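Asks: First, the structure itself, so that you have it in front of you.
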Amino acid sequence: MLILTCPCCGVTAEETEFHGGGEAHIKRYGPGSSDDDFHGYLFEKVNPKGVHFERWRHANGCGKWFHAARCTVTLEVFGTYSAQTTEPPQDIKDKISAKRPGWSWREFA
Amino acid sequence: MSTRLANGGRLLNKSQPLEFTFNGKRFKGVEGDTLASALLANDQMLVGRSFKYHRPRGIVSSGAEEPNALVGLGEDAGFEPNQRVTTTELFDGLICASQNHWPSLEFDIGAINAKLSRFLPAGFYYKTFMFPRPFWKHVYEPIIRQSAGLGRAPRDRDQDSYEHFYAFFDVVVIGGGVAGLQAAKAAGDAGAKVLLMEQTPHWGGRAPVDGGTVDGQPVDKFVDGIVAILETMENVTLRRRMMGAGVYDHGYLLGYERVNDHRPDSTGPRHRLWRIRAGQIVTATGAIERPICFSGNDVPGVMLASAVRDYAVDYGVSIGDRTVVVTNNDDAYRTAITLKKLGLEIPAIVDTRAGGGGALAGEAIELGIRVENGKGIARVKGAKRVEAVEICVQAGEGAALETIKCDAVAMSGGWSPIVHLWSHCGGKLLWDDEKAMFRPDVDNAPTGADGEGFVRCAGAAEGHLDLADVLKGADSAGKAAAQATGHKPKRSKAPVADNPKEAGIEPVWLMPQGAGVKLRMKAWLDYQNDVKVSDVQLAAREGFESVEHAKRYTTLGMATDQGKLSNINGLAILSDALGQPIPQTGTTTFRPPYTPISLASIAGEARNETFQPLRKTPMHAWHAENGAYWEPVGAWRRPYCFPKPGESIEDAVQREVKATRDSLGLLDASTLGKIIVKGPDAGRFLDMLYTNMMSTLKPGRCRYGLMCNENGFLMDDGVVARLDEETFLCHTTSGGADSVHAHMEEWLQTEWWDWNVYTANVTEQFAQVAVVGPKARKVLEKLTDDDISAEALTFMGWTDVTFGTIRARVFRISFSGELSYEIAVRASEGRAFWDAVLNAGAEFGVTTYGTEALHIMRAEKGFIMIGDETDGTVIPQDLGLDWAISKKKDDFLGKRAQERRHMSDPTRWKLVGLETLDGATLPDGAYATAEGSNANGQRNVQGRVTSTYHSPTLGRGIAMGLVLNGPDRMGEILEFPKVEGAVMRAKIVEPVFYDKDGEKQNV
Amino acid sequence: MKRYSAFAVAREALRNHMGWERAWASPEPKKKYDVIIVGAGGHGLATAYYLGKNFGITNVAVLEKGWLGGGNTGRNTTIIRSNYLQDASAAIYEKSRSLYETMSQDVNYNIMYSPRGVMMLAQTQHEVRGYERTAHANALQGVTTEFISPARVKELVPIINLDGPRYPVLGALWQARAGTARHDAVAWGYARACSAMGMDIIQKCEVTGISREGGRVTGVSTNRGDIACDKLGIVVAGHSGHLADMAGFRLPIESVALQALVSEPIKPCMDVVVMANTVHGYMSQSDKGEMVIGGGADGYNNFTQRGSFHHIEETVRALVETFPMISRLKMLRQWGGIVDMTGDRSPILSKTPVEGVFINCGWGTGGFKAIPGSGWGFAELIAKGHSPLTAEFGLERFREGRFIDESVAAGVAH
């Protein structure tokens, strides 16, 4: 039963206050894009066994979206951060690297 | 025989006698007894029958690990099957019955299985019962099902209540023995907020029975003292009768409090489920003694050595007049010494160790007890009760050296730390060869949200069996837990304990070591599921080598005790059979709950009326008072129709449609979503969300809009009104209100966060009433002086109107095709407005109508319904709604998706109307067949019904559907088979059945 | 393989069961196989079995990183039904169900297929319409289902509460010849049959890499050495993305936790399987007497095989409401697994961008019932390059916008 801290309103709450929103940092492709790009946007998921960046909404609270960096194998939460980002902030990346030597942020597809 | 002793019974209040009934017979007990001790005091050792072989089963333990003594407790609404007698506190008037036998406990026909046991080894059912094929369902399975199960199913409704309780603590200590008490004190002294829970009604655990001194005083005095101190500490909460049921991720813990099981006539909840968030958890859960595997180790009267002395000391009950003790470690000597001092006979202590025991063995010998080293028990004699044991050399094959008459056997194969809560979230174990136990690997604790360990262990749970080590370790654990939650532990010393020095354990997994197959077939591992040593060896022989395979194949550890007495012995036998060390075999997965918890406690208060929150519109009470037939719509209830007394549902619906089209109808439309979208970029935003061009909508006007998801499919529809330059009001379907709002916020916050636009979900702020029919304007004109003439308020316009004192926004939109106004008023005034319109409409024969009439009227006009014409796979182009898709926009959600091959395929089924040839109504969801079958032998289809009703307006059945090339095939006849086979035939027509030119809404 | 029968049990009983052979061999991996299947769960073993039985392809290895059948095959709630809406789904699930009917006899292992009936309760008008549509579709697909009345529901399952104050039961979609089977036995039965055909099931063998040359698979590397193959089938459920990564392609799947629980065993009180989808819970009674209970999946990517308690709470609450007599029963054990959910919640049985590599995954919460059908179709796809059972389930459908959507509606109603 996860605990997350909403970076928007500061409340630390259990997952029943939140609603998961899937993988974060997915680039939107629209009209004019290739079939591959569009398909990748909608359907290709990283689904990693390890560090994952995902979206959450504080549905039973302030209603805001945010991002979380979390390990899908140990459920360790490295941090939560603004949803208005195209990649995780440096301090979160540094925290993960410190705990998971050898890890690095993927390049945008 | 088992009896009550004249003296002793530390936990008893002998001044309070109690009466109880077992299998219809009345017995006497004493306050403080468990049902187990009371039964034993009355020499009722036989309490049940095992699952498979229906062998006689007696009480084998004194605690939660009991696998045998399960009874059906209580009667009628209070009946509960599978209750362990060892954890049931006796109360006056308790009624219970043994389980799983017929016709009686003493004479059970199921015992025939035991006679046939050699033909019924582990897994025999996988090899048989296959022929003839139908026999599995009709013969074998029913017999198996009838003989399986344990207790009988409850019949009556549970009248008790159950509650959930939320709690937050720095440190939660589970287990109120000396380790838990010390850990709680150490953590509490550091200033942490502590919860200490104990599953029994008593503090102190094993120590008061086992003895020893702490800081110079007898351990039970130490216990009293420390409890007294803890009770004064404000930051420490103490709870007895509360079990730690499960540890979950991020420090979540379930506590199961049996509030009133011991006083069933009390008010209040029977069980309380604590939902706890802990910074640190300390498991001081103790250890369970292991049985020894010798032939006949399941005969009633064979018991765990520690349990024998528990009954003697705590409850003043002697299990047997003559008790043989068999052991591979020093601890069981405590039982012999205790019984001897109470004046009971110990014919022999059988110690498998050639070198014998340590200080306790010396004490036993000094008391005159006979000790036989290097020996074991070859067999137990007796069926429903121990009568004698045969002694043999442990290192041999079981040749009997001597037969010793006795009526009880106290066995100890060693101790296994209770590691469940440690393991639930991935805590690892290591095998301690010296102590012959799996204990927590403290370097691999379960980790929490911060990646750090959040569970630690104390006492026997950690693998410490020596009292001094227990207290020292518990003190450290409590201090460390407090420190990990930001508190400063006091610089204090742990209590010092005095304990006799014990000689080491020598693991014995089979007794005797070389026991032949005949003995191994009666050496039991799992008492409840009847798994014996030979079964595990068979599993290994057949290649079920993984411990999980062996468990599932033999069902070892799968009974209601979840292997508490059998797991370790079982995996040791498996290891031996595979020729591999025990750590390589490993354990099976530990899962919550530690012991079974009531389903009612998990459900909590959410039952009956409070099962889920109910959303009510402001007019809900009126609907209820006026006979509404309800339909659940999400968390709302909407009236499906309002049948008059004696009127059928169907007739009510037909009447409502007629009355509305003839004159005047009223619908509570409050559940429809209403979302304000406001800001300089509002138009731009709605242009992305809808297929239509919304930014060109003028203030004062409305537009019907379609919303697709990024995958291109139609997900919601509704009328959008422009309130002013920067403000739009979007209506959604009832089910879409929250999800569309969430959808909007998702795009604004995660994609277009630099756009200047905000949304607000105001669904609940406004009541909305649809006033519909030829007399709609007339009735409203009675209620206002504002100009709502045909010219002032045109179709698809909106305006503010005051009705008396009630301010309203009136939308002239129509879902029925009639002259129609949807009127939004403040929610608090909704009921008043509703009443006012009803009042004013009486002269026009105003009729309230529900969702079904709504559906029929829109279908008569060919208007689509989200959820009927759409099913998550339909796009606007399928429904002839191309006109709502703007050609001028470069981008909107779903546009790119609709360019994909399958989405732009011209053979996609398209919306048409369907009229049966005979006027009958097509059934919901019927399919139109085409010639032939596909590659998988399924009939080919070319269309399906999406909505179908009997239309009172037209006096015939009407339907809408999606058909291959539908719009190009007007007049063609299609065949729709019913499920049972009869075929209906219908003609393809335009999907608008009534008022094709749309004149009535323009009146 | 020595035949199993009551006679064999009796005969061996007289020898104290010392004469039974291994159910499946435990060989060392060879250097090369015609086909390697990664994943010895039900689907992987079924695939191997039908490769042998239907196509005579027996030079096959099934590699398993843990112990066979130890993933979702050993964790599910054992329900078998084929009352799906879309043609493609109904075809493969009905093939599966019909294979279950004779599996015990086919593989000579009692998998205890019990066609006791499965019903799906309709508790809103929308669901009534949806299930009536499904019944119509099923009739044309050759699947025998019917929509039954509340009275008939009560007849079939007397312990049900029809008139719960929130969602009265309005009827149900009933498939009489659906039911349950013993999940472990399915894996063991297939494993034994595969082993008897000379196939190698290699446990404790974890694939660590997939080698390719010129866009074609050449073999795998494992913790027990490198093994070459002509064709590779990936059948690893929640770990599919992990394996796909090794082969260099991505999948439209997310792995989430799915939980289930059992009560203590009691005497028989429920003969059928009941699914109450409105309130998110379903229940049946096992042959041992335990009430077997399941609900919906958890909501975030998770490889722990543990879920969150509030899902258990929601499911139990729904079932206590639907079956009030279970209130005083006790939960004996709860557990979880990892299920892989695809973009349209339907499975993927497909070729992949790597020639010779085939993928079978995405069964989500509906995997157990599909084991034989999935194995049959996937074996055909591997052997022949195409199969009518798998044709609609290709990876390309996501690109084309041609989804197989079983959820039947946008989930809204007026």
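The values are calculated or read from the model by the stated rules, or taken from the named source; none is laboratory data. Just so we're clear, the structure is a prediction, and the values are computed from it rather than from any experiment. Using ideal geometry, Cβ is built from the backbone for each residue, glycine included, and neighbour counts are taken over all protein chains shown.
Asks: Which of the residues spanning the range C:354-393 are surrounded by fewer than 23 Cβ atoms within 10 Å (Cβ to Cβ) and away from chain B (no Cβ under 14 Å)?
Replies: C:VAL354, C:GLU355, C:GLY356, C:GLY364, C:THR365, C:GLY366, C:ALA383, C:GLY385
Asks: Out of contact with any Pro (no Cβ under 7 Å at 6 or more places or on another chain) and without any contact (Cβ under 8 Å) to a residue 60 or more places away in the chain, is that true of B:THR555?
Replies: No, not satisfied.
Asks: If you don't mind, there's one more thing I want to ask. Confirm whether B:GLU434 is touching a residue at least 60 places away in the same chain (Cβ under 8 Å) and charged (D, E, K, R).
Replies: yes
Asks: Take C:LYS31 and tell me if it is of a type in the set (Lys, Arg) and modelled with pLDDT under 90.
Replies: It is false that C:LYS31 is of a type in the set (Lys, Arg) and modelled with pLDDT under 90.
Asks: Output the number of the condition that B:GLY627 fails; it satisfies all remaining conditions of (1) within 14 Å of chain C (Cβ to nearest Cβ); (2) at positive phi; (3) touching a residue at least 12 places away in the same chain (Cβ under 8 Å).
Replies: Against the list (1) within 14 Å of chain C (Cβ to nearest Cβ); (2) at positive phi; (3) touching a residue at least 12 places away in the same chain (Cβ under 8 Å), B:GLY627 comes up short only on (1).
Asks: Follow-up question, since we're still on this one. Have a look at B:HIS101, B:HIS54 and point out the one that is more than 14 Å from B:THR34 (Cβ to Cβ), without any contact (Cβ under 8 Å) to a residue 60 or more places away in the chain, away from every other protein chain (no Cβ under 11 Å) and in a loop (DSSP other than H, G, I, E, B).
Replies: None of the other options fit; the residue is B:HIS101.
Asks: Which residues, taken from the range B:365-390, are in a strand (DSSP E or B) and crowded, with 21+ Cβ neighbours inside 10 Å?
Replies: B:LYS375, B:GLY376, B:ILE377, B:ALA378, B:ARG379, B:VAL380, B:VAL389
Asks: Could I ask something else about it? Does at least one position in the range A:95-106 carry a residue that is in contact (Cβ under 8 Å) with a residue 40 or more places away in the chain, β-branched (Val, Ile, Thr), crowded, with 17+ Cβ neighbours inside 10 Å and touching a Phe, Trp or Tyr at 6+ places or on another chain (Cβ under 9 Å)?
Replies: Looking for residues that are in contact (Cβ under 8 Å) with a residue 40 or more places away in the chain, β-branched (Val, Ile, Thr), crowded, with 17+ Cβ neighbours inside 10 Å and touching a Phe, Trp or Tyr at 6+ places or on another chain (Cβ under 9 Å), one finds at least one in the range A:95-106, hence yes.
Asks: Under 6 Å between Cβ atoms, which residue pairs at least 6 apart in sequence (or on different chains) link something in the range B:408-425 that is within 14 Å of chain C (Cβ to nearest Cβ) with a partner that is part of a helix (DSSP H, G or I) and surrounded by 24 or more Cβ atoms within 10 Å (Cβ to Cβ)?
Replies: B:CYS425/B:ASP249
Asks: So, one more: May I ask you to list the residues in the range A:23-82 that are in contact with a Gly (Cβ under 8 Å, 6 or more places away or on another chain), acidic (Asp, Glu) and under 30 Å from B:MET903 (Cβ atoms)?
Replies: Within the range A:23-82, just A:GLU54 meets the criteria.
Asks: Shifting gears a bit: How many residues does the range B:628-665 contain that are of a type in the set (A, V, I, L, M) and under 22 Å from B:LYS778 (Cβ atoms)?
Replies: Residues that pass the stated criteria total 3.
Asks: Please find, within the range B:66-98, the residue that is nearest to the chain's Cα centre (by Cα) out of those that are part of a helix (DSSP H, G or I) and surrounded by 18 or more Cβ atoms within 10 Å (Cβ to Cβ).
Replies: Per the criteria, the residue is B:THR87.
One line per residue, one yes/no per condition, for (1) surrounded by 24 or more Cβ atoms within 10 Å (Cβ to Cβ); (2) within 8 Å of chain B (Cβ to nearest Cβ):
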residue: C:ALA276; (1), (2): yes, no
residue: C:ASP287; (1), (2): no, yes
residue: C:LEU319; (1), (2): yes, yes
residue: C:THR322; (1), (2): yes, no
residue: C:ASP340; (1), (2): yes, no
residue: C:ILE348; (1), (2): yes, no
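Asks: To continue, here is another question. Sort out which residues of the range B:802-829 are surrounded by fewer than 22 Cβ atoms within 10 Å (Cβ to Cβ) and either among the hydroxyl-bearing types (Ser, Thr, Tyr) or more than 20 Å from B:ARG703 (Cα to Cα) (or both), and write them in order of number.
Replies: Hits for the range B:802-829 are B:THR802, B:GLY804, B:THR805, B:ILE806, B:ARG807, B:ARG826, B:ALA827, B:SER828, B:GLU829.
Asks: Continuing with the same structure: Filter the range C:172-208 down to residues that are within 15 Å of C:GLY117 (Cα to Cα) and touching a Leu at 6+ places or on another chain (Cβ under 8 Å) and give me whichever is nearest to the other protein chains (Cβ to nearest Cβ).
Replies: If we take residues in the range C:172-208 being within 15 Å of C:GLY117 (Cα to Cα) and touching a Leu at 6+ places or on another chain (Cβ under 8 Å), then C:TRP174 is nearest to the other protein chains (Cβ to nearest Cβ).
Asks: Scanning for something within 46 Å of the chain's Cα centre (by Cα) and under 30 Å from A:LEU42 (Cα atoms), does the range B:918-933 turn up at least one residue?
Replies: No, the conditions are met nowhere in the range B:918-933.
Asks: Tell me, please, whether a residue that is among the aromatic types (Phe, Trp, Tyr), assigned to a loop (DSSP other than H, G, I, E, B), at pLDDT 95 or above and under 30 Å from B:SER50 (Cα atoms) can be found in the range C:295-303.
Replies: No: zero hits.
Asks: Restricting to the range A:1-32, what's the tally of residues that are surrounded by fewer than 16 Cβ atoms within 10 Å (Cβ to Cβ) and either among the hydrophobic types (A, V, I, L, M, F, W, C) or part of a loop (DSSP other than H, G, I, E, B) (or both)?
Replies: Residues that pass the stated criteria total 6.
Asks: For the range C:29-58, enumerate the residues that are assigned to a loop (DSSP other than H, G, I, E, B) and touching a residue at least 40 places away in the same chain (Cβ under 8 Å).
Replies: Once the filter is applied, which keeps residues that are assigned to a loop (DSSP other than H, G, I, E, B) and touching a residue at least 40 places away in the same chain (Cβ under 8 Å), the range C:29-58 yields C:PRO29, C:LYS30, C:LYS31, C:GLY39, C:ALA40, C:GLY41, C:ILE57, C:THR58.
Asks: Could you check C:ALA23 against (1) under 26 Å from C:THR218 (Cα atoms); (2) in contact with a Phe, Trp or Tyr (Cβ under 9 Å, 6 or more places away or on another chain); (3) within 14 Å of another protein chain (Cβ to nearest Cβ) and say which number it fails?
Replies: (1)
Asks: Among (1) surrounded by fewer than 19 Cβ atoms within 10 Å (Cβ to Cβ); (2) outside any strand (DSSP E or B); (3) of a type outside the set (Phe, Trp, Tyr), where does B:ARG277 come up short?
Replies: (2)
Asks: Among (1) crowded, with 16+ Cβ neighbours inside 10 Å; (2) in a loop (DSSP other than H, G, I, E, B), which single condition is C:GLU94 missing?
Replies: (2)
Asks: Still on this structure, I have one more. What number of residues in the range A:33-74 are assigned to a loop (DSSP other than H, G, I, E, B) and not hydrophobic (A, V, I, L, M, F, W, C)?
Replies: 14
Asks: Going through B:TYR315, B:TYR248 one at a time, which residue ends up being touching a Ser or Thr at 6+ places or on another chain (Cβ under 9 Å), of a type in the set (Ser, Thr, Tyr) and closer than 23 Å to B:ALA460 by Cα?
Replies: Only one candidate passes the filter, namely B:TYR248.
Asks: In addition: Pick from the range C:114-127 the residues that are within 18 Å of the chain's Cα centre (by Cα) and at the interface with another protein chain (Cβ under 7 Å from one of its Cβ atoms): which of them is farthest from C:ALA187 (Cα to Cα)?
Replies: C:PRO115
Asks: Go through the range A:60-80 and report how many residues are under 17 Å from B:HIS741 (Cα atoms), surrounded by 18 or more Cβ atoms within 10 Å (Cβ to Cβ) and at the interface with chain B (Cβ under 7 Å from one of its Cβ atoms).
Replies: Step one: list which residues in the range A:60-80 are under 17 Å from B:HIS741 (Cα atoms), which gives A:60-66.
Subsequent filtering for residues that are surrounded by 18 or more Cβ atoms within 10 Å (Cβ to Cβ) retains A:65-66.
Next, from what is left, pick out any that are at the interface with chain B (Cβ under 7 Å from one of its Cβ atoms): A:65.
Residues that pass the stated criteria total 1.
Asks: Let me ask something else. Any residue that is at pLDDT 95 or above and more than 36 Å from the chain's Cα centre (by Cα) - is there at least one of those in the range B:527-534?
Replies: No, because not a single residue in the range B:527-534 is at pLDDT 95 or above and more than 36 Å from the chain's Cα centre (by Cα).
Asks: Are any of the residues in the range B:634-646 surrounded by fewer than 17 Cβ atoms within 10 Å (Cβ to Cβ) and either over 25 Å from B:ARG831 (Cβ atoms) or of a type in the set (Val, Ile, Thr) (or both)?
Replies: To start, the set of residues in the range B:634-646 that are surrounded by fewer than 17 Cβ atoms within 10 Å (Cβ to Cβ) comprises B:635, B:644-646.
This time we only want the ones that are either over 25 Å from B:ARG831 (Cβ atoms) or of a type in the set (Val, Ile, Thr) (or both), so: B:646.
Checked the range B:634-646: at least one residue is surrounded by fewer than 17 Cβ atoms within 10 Å (Cβ to Cβ) and either over 25 Å from B:ARG831 (Cβ atoms) or of a type in the set (Val, Ile, Thr) (or both).
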